[in-house]
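Please read the structure below before turning to the comments.
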Amino acid sequence: MRIAIHGLVLTGPDKPNAELKPGGESHLVFGPTDTGKSYIEECIAYCLGSDEHPRNVGFSEGYTRAALQVLGPDGSEYTFFRDLLEERQVVYSGFHSLPPLSSQSPVAEEIGPYLIEWGKASGNRILVKAGTLGNVTANDLRFLSLFDEIRTLDKVPLKGKDKLLKMRFQSVIMLALIGVDDSGATLTVKTDQRNIAKGHVQAIEDELKALHADIPSTWSKEDCAEGLTKIEHELREVGTFLRTNAQELTELKTAHESLEDGLRDVQAELAEVLEAKDRFVLLDEKYQNDVHRLSSLITASEIVETFESQPCPLCRTDLNHKRNYAQLEQGDMLREAARAEVSKINALRQGLAIALSDIDEDIVSSRCRETSFQRETAANLSEQARLLRPASPNIEADYLGTLTARRTEMAMAARNFERIDTLNARLVGMKAKTKRQKQSISRDFSTSATELCRRISELLTAWGVPMVESVHFDEDDADIHINNRQRVSFGKGKRGIFLTALAVALMERALHQGNPHLGLIVIDSPVVTYKDPKHGSNNPEEALDPTVKDKFYTWLADRQESGQIIVLENEEPDGQLQMRLAHTEFVGVGEAEGRRGFFPI
């Protein structure tokens with residue numbers, strides 16, 4: 001047993017309780033039309049978490065709360081309460097008609113999780129629409145267990161006709177049949193996902209180009225691995241060599257530092273001397289300019305004194321009376337002063353020439369010292385390189401640095417090759433996602449379908465349904481074919497009894513195999529035995545033989561298999577059978593004595 005209904009109770013202010021008490025066993029509810037039988041199925045669905053309110057049937061006015069008393073898999077007692085006005089739901093332990101007083105707290109605020117757990121559907125993934133997997137929900141389990149009159153007799157395959165739900169319901173039917181979910185299905189890739197995958201492909205290809213560009217074209221992954229091995233070997237040799245010559249290398253490095261310091265000092269002195277020479281040369285050039293200027297002044301003064309005074313060329317006026325003879329007397333003094341200044345400057349230039357000669361000597365000395373330091377530094381570095389180089393000859397001076405650089409380069413290339421391998425693997429997967437793929441679900445249902453059809457045949461034989469020669473399960477419709485005809489192609493009487501056999505056989509197999517199912521079936525109008533001119537014809541295949549009803553009720557009374565079946569029917573069993581069959585009878589509004597309907601009148 002998974003779940004069994006013990007009782008259904010509707011309550012409301014100043015309203016008598018409307019009750020149905022199956023007691024956890026299979027049960028028949030029969031009576032004429034408009035006695036509330038269909039309301040019972042709708043109310044059970046609502047109490048099991050459905051969002052659809054039971055339809056108002058007149059007598060239901062004033063009822064505000066529904067309580068479904070259920071037995072869990074271990075026999076534990078629970079009551080599912082649903083508010084008929086505001087859709088609130090709550091779960092209490094024990095059987096109750098009304099929510100207990102505040103002394104007892106509810107065990108849950110949601111009904112769905114109990115159905116998922118009890119129906120063994122936790123963790124199962126099913127295909128809910130193209131390219132999408134989803135968890136099994138309480139609604140999926142209700143779909144397998146609850147059949148109103150329309151669904152029982154409709155010309156629609158078991159999976160239904162709702163385009164948004166057909167694939168989902170087909171998947172949950174197959175899950176109940178074979179017990180394997182759709183986690184391993186190959187899903188279609190949606191357009192937006194394909195576009196995203198194309199973007200990833202472009203990014204991966206760009207990164208691959210960049211990685212290949214950083215690796216020499218002649219290198220391969222194997223070359224890098226082999227080269228790294230050789231370099232590591234040579235570095236170990238260098239390490240051994242370094243340990244052998246460590247003391248001498250230390251002395252050479254100390255000497256090298258001293259040489260570098262001396263070289264820097266000499267170069268600084270040389271720079272100062274060169275700067276001083278530049279300043280002295282500039283000063284000598286200034287002295288030369290001064291001598292040229294003074295010499296020009298002396299020459300000009302001597303020439304001016306030789307000029308004679310001449311009358312004005314226009315008016316012939318004599319200008320001798322305007323001549324300043326005092327200034328002429330100062331010319332000799334000016335020339336003497338200029339000659340004295342020239343002599344002084346020449347004397348300064350002689351001293352400056354001596355200084356420049358001394359500076360040139362200092363420059364030569366500094367350059368010689370600089371060259372000496374440079375030679376000693378080069379010799380020091382050469383000796384260090386010799387000590388750092390292994391015994392095998394090598395023309396490179398900085399052998400250790402070269403080896404380290406090569407190892408770094410090859411290590412980076414090796415990492416790039418590893419990254420390239422990873423990206424190529426991702427690229428294959430991403431390219432596959434860019435292509436349109438047909439959705440593929442491989443379900444191994446042959447054995448399960450054979451057993452299911454065998455059980456359906458047994459049930460139809462037990463119920464006395466005539467002319468059933470073969471039963472075949474069709475995966476596409478998640479429904480059965482009878483005598484190579486679709487179930488929905490028969491008249492509504494046979495459609496109903498065939499659907500009942502399918503639902504019962506599917507429940508029994510799910511319970512036997514431990515597959516997801518509530519272990520409960522509530523079905524309305526499974527045995528329609530009359531010919532309805534509005535829905536059928538005089539063809540004997542359109543309706544059931546009247547004996548089917550009695551055999552069906554006999555089977556229900558004698559049934560020992562797992563699972564609870566609640567049947568809602570207009571057809572009345574005979575008196576003797578009623579004594580054996582757990583049932584509730586509604587007599588309707590006529591003159592017959594008994595319970596009028598689901599709602600007390």
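The values are calculated or read from the model by the stated rules, or taken from the named source; none is laboratory data. A quick note: this is a predicted structure, and the numbers were derived from the prediction, not measured. Counting neighbours? That spans all protein chains shown, and the Cβs are built from the backbone with ideal geometry, glycine included.
Does segment 69-103 hold any residues that are touching a Gly at 6+ places or on another chain (Cβ under 8 Å) and without any contact (Cβ under 8 Å) to a residue 24 or more places away in the chain, and which are they? Result: Thr79, Pro100. In the condition set (1) in the same structural domain as Ser357 (by TED's automatic domain parsing); (2) modelled with pLDDT of 75 or more; (3) more than 30 Å from Leu348 (Cα to Cα), Cys224 is compliant with all but (1).
With the structure loaded, tell me whether Arg454 is within 29 Å of Arg559 (Cβ to Cβ), without any contact (Cβ under 8 Å) to a residue 40 or more places away in the chain, out of contact with any Gly (no Cβ under 8 Å at 6 or more places or on another chain) and part of a helix (DSSP H, G or I) or whether it fails that test. For Arg454, the condition - within 29 Å of Arg559 (Cβ to Cβ), without any contact (Cβ under 8 Å) to a residue 40 or more places away in the chain, out of contact with any Gly (no Cβ under 8 Å at 6 or more places or on another chain) and part of a helix (DSSP H, G or I) - is met. The single residue among Ser26, Ser105 that is out of contact with any strand residue (DSSP E or B) (no Cβ under 7 Å at 6 or more places or on another chain) and of a type in the set (S, T, N, Q) turns out to be Ser105.
One line per residue, one yes/no per condition, for (1) at pLDDT below 80; (2) surrounded by 13 or more Cβ atoms within 10 Å (Cβ to Cβ); (3) of a type in the set (Gly, Ala, Ser):
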residue	(1), (2), (3)
Leu356	no, yes, no
Ile363	no, yes, no
Ser372	no, yes, yes
Pro390	yes, yes, no
Tyr399	yes, yes, no
Thr408	no, no, no
Ile420	no, yes, no
Leu427	no, yes, no
Ser440	yes, no, yes
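Residues in segment 457-473 that are without any contact (Cβ under 8 Å) to a residue 60 or more places away in the chain and either acidic (Asp, Glu) or part of a helix (DSSP H, G or I) (or both): 5 in all.
Test Leu352 against the stated conditions and say whether it is part of a helix (DSSP H, G or I), at pLDDT below 85 and in contact with a helix residue (DSSP H, G or I) (Cβ under 7 Å, 6 or more places away or on another chain). Judged against the criteria, Leu352 is not a match. For segment 172-194, a residue qualifies if it is over 30 Å from Ala510 (Cα atoms) and surrounded by 12 or more Cβ atoms within 10 Å (Cβ to Cβ), and the qualifying residues are Val189, Lys190, Gln193, Arg194. Restricting attention to segment 25-44 and to residues that are part of a loop (DSSP other than H, G, I, E, B) and modelled with pLDDT of 95 or more, the residue that is surrounded by the most Cβ atoms within 10 Å (Cβ to Cβ) turns out to be Ser26. In segment 70-172, counting only strands (runs of 3 or more DSSP E) that sit wholly within it, the ones holding 1 or more residues that are within 20 Å of Pro516 (Cβ to Cβ) and assigned by TED's automatic domain parsing to the domain that holds Leu20 span 77-83, 125-129, 132-135. Could you tell me whether any residue of segment 481-504 is assigned to a strand (DSSP E or B) and within 20 Å of Phe552 (Cβ to Cβ)? Yes, segment 481-504 has at least one match.
The single condition among (1) over 24 Å from Met412 (Cα atoms); (2) part of a helix (DSSP H, G or I); (3) of a type outside the set (A, V, I, L, M, F, W, C); (4) within 21 Å of the chain's Cα centre (by Cα) that Gln202 does not satisfy is (1).
Would a scan of segment 204-227 turn up a residue that is in contact with a strand residue (DSSP E or B) (Cβ under 9 Å, 6 or more places away or on another chain) and surrounded by 12 or more Cβ atoms within 10 Å (Cβ to Cβ)? Looking for residues that are in contact with a strand residue (DSSP E or B) (Cβ under 9 Å, 6 or more places away or on another chain) and surrounded by 12 or more Cβ atoms within 10 Å (Cβ to Cβ), one finds none in segment 204-227, hence no.
The residue that is farthest from the chain's Cα centre (by Cα), counting only those in segment 69-78 that are under 19 Å from Leu146 (Cα atoms) and crowded, with 21+ Cβ neighbours inside 10 Å, is Gln69.
Among the residues of segment 552-579, which ones are part of a helix (DSSP H, G or I) and within 30 Å of Gly119 (Cα to Cα)? Residues satisfying the conditions are Phe552, Tyr553, Thr554, Trp555, Leu556, Ala557, Asp558.
Among the residues of segment 48-67, are any surrounded by fewer than 21 Cβ atoms within 10 Å (Cβ to Cβ), touching a residue at least 60 places away in the same chain (Cβ under 8 Å), small (Gly, Ala, Ser) and touching a strand residue (DSSP E or B) at 6+ places or on another chain (Cβ under 6 Å)? No, every residue in segment 48-67 fails to be surrounded by fewer than 21 Cβ atoms within 10 Å (Cβ to Cβ), touching a residue at least 60 places away in the same chain (Cβ under 8 Å), small (Gly, Ala, Ser) and touching a strand residue (DSSP E or B) at 6+ places or on another chain (Cβ under 6 Å). Here Gly519 passes the criteria (1) on the phi < 0 side of the Ramachandran plot; (2) modelled with pLDDT of 95 or more except the one numbered (1).
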